[in-house]
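Q: So that we are looking at the same thing, I have put the structure below in structure tokens.
The values are calculated or read from the model by the stated rules, or taken from the named source; none is laboratory data. Just so it is clear, the model here is predicted, and its values are computed rather than measured. Here the Cβ positions follow ideal geometry from the backbone for every residue, glycine too, while neighbour counts run over all protein chains shown. Side chains are part of the model used for accessible areas, which takes the heavy atoms of the whole protein and leaves out ligands, DNA and RNA. Shrake-Rupley method; radii C 1.70, N 1.55, O 1.52, S 1.80 Å.
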There are 6 protein chains.
Amino acid sequence: MNNPVESDSNTPGDASGAGALLVVSAHAGDFVWRAGGAIALAAERGQRAKVVCLSYGERGESARAWRQGASLEEIKELRRGEAEAAAGELGAEIDFLDADDYPLRESEELIDRLVHIYRDVQPAVVLTHPSIDPYNGDHPAANRMAIQARILAQAIGYQAPGEPLGAPPVFFFEPHQSEQCDFKPQVLLDITSVFAKKRKAMECLPAQQHMWDYYTDLAKRRGVQLKRNAGPNLGFTTDTMGEAYMRLYPQVTGELA
Amino acid sequence: MNNPVESDSNTPGDASGAGALLVVSAHAGDFVWRAGGAIALAAERGQRAKVVCLSYGERGESARAWRQGASLEEIKELRRGEAEAAAGELGAEIDFLDADDYPLRESEELIDRLVHIYRDVQPAVVLTHPSIDPYNGDHPAANRMAIQARILAQAIGYQAPGEPLGAPPVFFFEPHQSEQCDFKPQVLLDITSVFAKKRKAMECLPAQQHMWDYYTDLAKRRGVQLKRNAGPNLGFTTDTMGEAYMRLYPQVTGELA
Amino acid sequence: MNNPVESDSNTPGDASGAGALLVVSAHAGDFVWRAGGAIALAAERGQRAKVVCLSYGERGESARAWRQGASLEEIKELRRGEAEAAAGELGAEIDFLDADDYPLRESEELIDRLVHIYRDVQPAVVLTHPSIDPYNGDHPAANRMAIQARILAQAIGYQAPGEPLGAPPVFFFEPHQSEQCDFKPQVLLDITSVFAKKRKAMECLPAQQHMWDYYTDLAKRRGVQLKRNAGPNLGFTTDTMGEAYMRLYPQVTGELA
Amino acid sequence: MNNPVESDSNTPGDASGAGALLVVSAHAGDFVWRAGGAIALAAERGQRAKVVCLSYGERGESARAWRQGASLEEIKELRRGEAEAAAGELGAEIDFLDADDYPLRESEELIDRLVHIYRDVQPAVVLTHPSIDPYNGDHPAANRMAIQARILAQAIGYQAPGEPLGAPPVFFFEPHQSEQCDFKPQVLLDITSVFAKKRKAMECLPAQQHMWDYYTDLAKRRGVQLKRNAGPNLGFTTDTMGEAYMRLYPQVTGELA
Amino acid sequence: MNNPVESDSNTPGDASGAGALLVVSAHAGDFVWRAGGAIALAAERGQRAKVVCLSYGERGESARAWRQGASLEEIKELRRGEAEAAAGELGAEIDFLDADDYPLRESEELIDRLVHIYRDVQPAVVLTHPSIDPYNGDHPAANRMAIQARILAQAIGYQAPGEPLGAPPVFFFEPHQSEQCDFKPQVLLDITSVFAKKRKAMECLPAQQHMWDYYTDLAKRRGVQLKRNAGPNLGFTTDTMGEAYMRLYPQVTGELA
Amino acid sequence: MNNPVESDSNTPGDASGAGALLVVSAHAGDFVWRAGGAIALAAERGQRAKVVCLSYGERGESARAWRQGASLEEIKELRRGEAEAAAGELGAEIDFLDADDYPLRESEELIDRLVHIYRDVQPAVVLTHPSIDPYNGDHPAANRMAIQARILAQAIGYQAPGEPLGAPPVFFFEPHQSEQCDFKPQVLLDITSVFAKKRKAMECLPAQQHMWDYYTDLAKRRGVQLKRNAGPNLGFTTDTMGEAYMRLYPQVTGELA
């Protein structure tokens, strides 16, 4: 096994031997485009995969519905349904905290709710937005809350049910204009085997149809890079698909590879 | 298995299922202090581990012998013997290219010799110095030659025996004053199980006895960080020992962990 | 025309074919020292130029008046008058939001007022402070509010009158101690033709007379660099004057130059 | 005109009112994938466009031909022909300096030949590789030589025919794995009107057919970003195509836009 | 004297000719581990040394007490006593602002209290946490408040008793995992002569006994670096002990050394 | 004394108690504009100050003489005389290594000559160019040779007369376009008391008369910053003059100030 130091340890309350995956997403659609592959892989391996949407993205990411004259509540309902369908395709649970978006406000109450979720889920791995995005202030706000809540959940003195959290690694998924967000791929994840599921999940979001091909193309490009950075190329086909991530904390491992 | 995309692929001419480890070291002692743990781990797993010392470190890192009046040839012989003994403790092969040190000169001839070694060893993993060191110009020179040779060995058009190289990951081991070299640990390697071997290897270098404790202390400190960054802390004892590395290229993986 | 992709597009509600310039300034004097040339150039070209002063700088930048025993209201009035006179010299409109300074507090209310201004002015270009200033916390606060408001004004779902904003480029003007603020000039603007106006505007701020020469010298220095970075030097005289800017977003152009 | 300070000044020995474009490329194909759009745009505007290929890329970028058993001279001839055809499609002149590749060696002789070209062409704009590329040592070597030669060509004391060079801006075109090369797009160039020519030029390089779609996809992605960063979106269609560049020196301009 | 420009000027209300040292610490123990040597040195020289603990660290840094079932008030009392004892060993005054920790909330009220302290103490030197810490959100919060308060205290218009502050240099002390906090030692302080006091102060914190050796080892390592970076090595013994710091502002001096 | 750890230790072969200052300058004039103040201060304190000019700057920095038709030898002679006169005003010795400029070539022979100088002068402080300059390749070349020679001079095994060097701090003086060279002032040196000498030294270089005022203005600006960053402002007059420096290695000190 590649990483013995983590073996069967990420498993509080989990009989399968693999810890849970927690995804903190600013808006209802973010987790699909940027982390759909990682979520589907985790679910296939039998890990619990939990997505938390801080907001529905009702103001900032629903332009078409607004133009069609939908009400705020209708838009929320619409996006909730789409996100639930997408999560279903990926094999993930999904929670909605219904904070406002544009702006998504950092608040102690929201952070506290995240702490409760951390303590309950006891994730072995956490995914969230990167800390910089000059095009969208909600994404860095989600990042800061996800990290702050993880730190607080580790403190025995913080009043919330459940055991203090361990130190799960945190990965940042890829933003829309990666270079402008100082996003440098540090981890290339092979999602070839689950890409069909990711594509289906994307197709649950019909208002953003132009994104389907955009993120399919991106997966191909990350797949090309994945092959170029893998030791030898055996095992990769021409249609290898990938997702890119950054790490907040150093990798802990029992083997350099 | 943690990283299926690399499984049984790092194995050109290797029946064991695990590819070789290649370490490019500027001077005869560098590989012991900075990468002794990684080498011993690879050897224990049955991987071929090969150390290439570009120079003996005869001018820059043998102050005691110079003060005792030894000749250049005597110093080289001394350091060669010590390095061979240390490599033996770690389970590694060792080659000496006998370039001059202080300064270690970048040359096409030296790079070409490295290309031949890459083509012959077909390493699955490469370790070398980081690219910056304001205290020692030989270390960045070794870094540049190791990387240049890896790139050339990949080109089918480069005239050297053997198959073109794949794309083995490159790790930089930790320099002496890490922060001044922009060294930020990205990978913390658990070397607890082989630390006794690393200590023995260090003790093969009697002229630098003050380094034994210095690098033992460093291994403890990296061990503490390893525990702090590992998901849950199960499986670590209070004497966990670690080594820190940086990556030149993105990690390729089939699972986020 | 250099940049056809933007031609006649920056002109919502503007018959002249050139969009408006919006300047978000933390204190009443900032826009004069740092962006006076850009403002005068825009006004001369017939663009609408609008300055928004978040505060009067009554606490942090009126040391002389405080020492003379003026009251808070008197200081505000004084600075308002000076800033209006300076804006007049440059050909700009000016608004005062009268937030407190030292500290300038980020608030939803202030950001919302900026969103209304963005929606009303529909700027083609935005100028504000850089994001880092270890000597003055108000400047980064103004930066964050200016950027956040720009993003919110783009969202159709954000409730404010007017059309959603396009994507006007944002330029950071030069801080007082530029290197300590990680300010690296990316754009050198030739303000030679309007420097006399900028000087007159500076002279509207008599309490900071030592700044007149300081910023005249800076304009000369940026002028020297402008000549050194311009293709050939034809067209520049020895008294070329310049202002330096950074970009938040990539430049969009139809021609490399 | 957007940038009056440069108007009719980039024109030493050029009657058209527009200076020449000089592209310094490490290998014979680089200029096509990365700068084909900029070259075609310049040619369409009537500017002289000159490509200098330091090498043919015979060792590092002709894997297919090597596998088919071609000789070194045959490969050079093949690549020369392809590059000439591609340059023809784009409307550019092309020179080959026939330095070796893999590695491309920095030499005084090669830099001196570049100085002569700078003095002769008197470029108004220079394009070359970025300074960092962990996958290809030839690209940074070309970068260093292109910049060094530009500096030397400016010195009246450097012995080469022609007038000393002015200070043409230098743009870095996009490398293959941009984020790993610290490449952050600072300029997004609209190449929609000439993309068909770029595609034709790419198709002159049949050995790298997989690159045709790769760089078409990249042009689409840069086009999407171009629209997202342009003031208002008017004037862009859904098939806007783009190329990304970085600047080595600050932009000099008469107008912020 | 090394730095004549600061001679007898750091002394508002201080007859000794040496200004005061102010340490802003997020939790009750931070100042001991990270700045104990600097504090003891200042006290020995006859400077006033004042420590301000924003919180007791009752939630985030008292795991053992929580596990033993202590109440919140008991824990605060315990940590207060320990910190007072440690400050006593170092020769420093200590104030507790009793803000909550985990999270330590930035607030105007807390910043205002710091401004009053700055105005009262008129420090010649300020020490606080660095601005980045991915493991602990309270440390950057303390940093931001310490810097903001310093800036406000300089403004004559800010309403608080006492004279406006000068411009005391600010040093960041070393975080627990320095490289992950972008901490690069810029100043190595020789604390050999007072290390025994620092050790005694550390021993006032019995709940964190594992830290005693950890920070003793760190002091040794910084001592080794101190010797390696000092002009000649005369005057240093093998047990030189050090502390590392970063500067927020440039050093002002009358002599390069 | 501010820094007891260095007291009377920088004095190999020097009876005065203060070590020597060594300045490594690419061209004959560089040391005057950028480090004239530091040199004059050292000389006034009785330190030996030694300037080494690697080249005369005959090709790259003598445009006027070339235009007047002077020969290479005449230009060298002219610049040598001017530089000697300037060094005389500052109180420094000066050596000329007469390497070519534009380009200044890094060579083992030149580095070896620098090693001999280091061993002979045994400098307590070293000044040289920064490592980055996109406008002038000779400056980074001088930087690399100055640092490499310092490292080699420390090695007992390097064959050159004299004792191995200690570890003198290295300061980078300010380049012409500081921000484009990633130059961030870390040390502001008060040169008020010797500015008249620096001005006289500048006036020894009549061909660059426009630089006299440019560098006088820069000294004023650095003086303003010096006052703004000094603890309290006592002791500074309105005409404080400064020079800015960066450090390559961490500062070693016995007191934070």
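Q: For region E:117-127, state whether one or more residues are touching a Pro at 6+ places or on another chain (Cβ under 6 Å), of a type in the set (Val, Ile, Thr) and not in a strand (DSSP E or B).
A: Among the residues of region E:117-127, not one is touching a Pro at 6+ places or on another chain (Cβ under 6 Å), of a type in the set (Val, Ile, Thr) and not in a strand (DSSP E or B), which makes the answer no.
Q: Can you name every residue in region D:111-134 that is open to solvent by 10 Å² or more (accessible area, probe 1.4 Å) and of a type in the set (S, T, N, Q)?
A: D:Gln122, D:Ser131
Q: Name the pairs: first residue in region F:227-243 and within 12 Å of E:Pro169 (Cα to Cα), second residue modelled with pLDDT under 70 and assigned to a helix (DSSP H, G or I), Cβ to Cβ under 6 Å, at least 6 apart or on different chains?
A: Taking only residues 6 or more apart or on different chains, the pairs are F:Ala230/E:Val5; F:Gly231/E:Glu6.
Q: Show the residue pairs meeting these rules: Cβ distance below 8 Å; 6+ apart or different chains; first residue within region E:108-125 and over 17 Å from C:Asp138 (Cα atoms) and facing another protein chain (nearest Cβ under 9 Å); second residue open to solvent by 20 Å² or more (accessible area, probe 1.4 Å) and small (Gly, Ala, Ser).
A: So the pair list comes out as E:Gln122/E:Gly13; E:Gln122/E:Gly162; E:Gln122/E:Gly166; E:Ala124/E:Ala18; E:Ala124/F:Ala257; E:Val125/F:Ala257.
Let's see how each residue does on (1) open to solvent by less than 20 Å² (accessible area, probe 1.4 Å); (2) in contact with a Phe, Trp or Tyr (Cβ under 8 Å, 6 or more places away or on another chain); (3) closer than 17 Å to D:His129 by Cα:
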site: D:Leu165; (1), (2), (3): yes, yes, no
site: D:Glu179; (1), (2), (3): yes, yes, yes
site: D:Glu203; (1), (2), (3): no, yes, no
site: D:Gln208; (1), (2), (3): no, no, no
site: D:Gln225; (1), (2), (3): yes, no, no
site: D:Asp239; (1), (2), (3): no, no, no
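Q: When the residues of region F:135-162 are filtered to those that are more than 12 Å from chain B (Cβ to nearest Cβ) and under 17 Å from B:Arg59 (Cβ atoms), which remaining residue is least open to solvent (accessible area, probe 1.4 Å)?
A: Selected residue: F:Gly162.
Here is a yes/no grid of residues against (1) within 18 Å of the chain's Cα centre (by Cα); (2) within 30 Å of E:Leu226 (Cα to Cα); (3) modelled with pLDDT under 95:
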| residue | (1), (2), (3) |
| --- | --- |
| F:Arg199 | yes, no, no |
| F:Cys204 | yes, no, no |
| F:Ala207 | no, no, yes |
| F:Asp213 | no, no, yes |
| F:Pro232 | no, yes, yes |
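Q: Continuing with this model, one more query. Please work out if A:Arg79 is modelled with pLDDT under 95, open to solvent by 10 Å² or more (accessible area, probe 1.4 Å), within 13 Å of another protein chain (Cβ to nearest Cβ) and more than 19 Å from A:Pro123 (Cα to Cα).
A: no
Q: Here is a further query. Examine region B:97-115 for a residue that is touching a helix residue (DSSP H, G or I) at 6+ places or on another chain (Cβ under 6 Å), within 16 Å of B:Ser25 (Cβ to Cβ) and modelled with pLDDT under 95, and state whether such a residue exists.
A: For region B:97-115, residues touching a helix residue (DSSP H, G or I) at 6+ places or on another chain (Cβ under 6 Å), within 16 Å of B:Ser25 (Cβ to Cβ) and modelled with pLDDT under 95: absent.
Q: Another one. Among the residues of region A:64-76, write down those that are without any contact (Cβ under 8 Å) to a residue 12 or more places away in the chain, surrounded by 14 or more Cβ atoms within 10 Å (Cβ to Cβ) and within 11 Å of another protein chain (Cβ to nearest Cβ).
A: A:Trp66, A:Ala70
Q: Looking only at region E:181-199, which residues are surrounded by fewer than 19 Cβ atoms within 10 Å (Cβ to Cβ) and acidic (Asp, Glu)?
A: Answer for region E:181-199, where residues must be surrounded by fewer than 19 Cβ atoms within 10 Å (Cβ to Cβ) and acidic (Asp, Glu): just E:Asp182.
Q: Can you name the residue in region A:24-63 that is more than 30 Å from C:Ala160 (Cβ to Cβ) and more than 14 Å from every other protein chain (Cβ to nearest Cβ) and is also surrounded by the most Cβ atoms within 10 Å (Cβ to Cβ) among such residues?
A: Result: A:Val51.
Q: Could you tell me how many of the residues in region D:198-217 are at the interface with chain A (Cβ under 10 Å from one of its Cβ atoms) and of a type in the set (D, E, K, R)?
A: Result for region D:198-217: 2.
Q: Among the listed residues F:Phe183, F:Phe195, F:Phe171, identify the single one that is in contact (Cβ under 8 Å) with a residue 12 or more places away in the chain, more than 10 Å from every other protein chain (Cβ to nearest Cβ) and under 16 Å from the mean Cα position of the chain (by Cα).
A: One residue alone meets the criteria, F:Phe195.
Q: Could you please let me know if D:Met246 is more than 7 Å from every other protein chain (Cβ to nearest Cβ), touching a residue at least 60 places away in the same chain (Cβ under 8 Å) and within 26 Å of C:Gly223 (Cβ to Cβ)?
A: So D:Met246 passes the test.
Q: Next up: Looking at B:Leu188, B:Leu165, which one is touching a residue at least 24 places away in the same chain (Cβ under 8 Å), under 26 Å from B:Gln251 (Cβ atoms) and within 14 Å of chain D (Cβ to nearest Cβ)?
A: It is B:Leu165.
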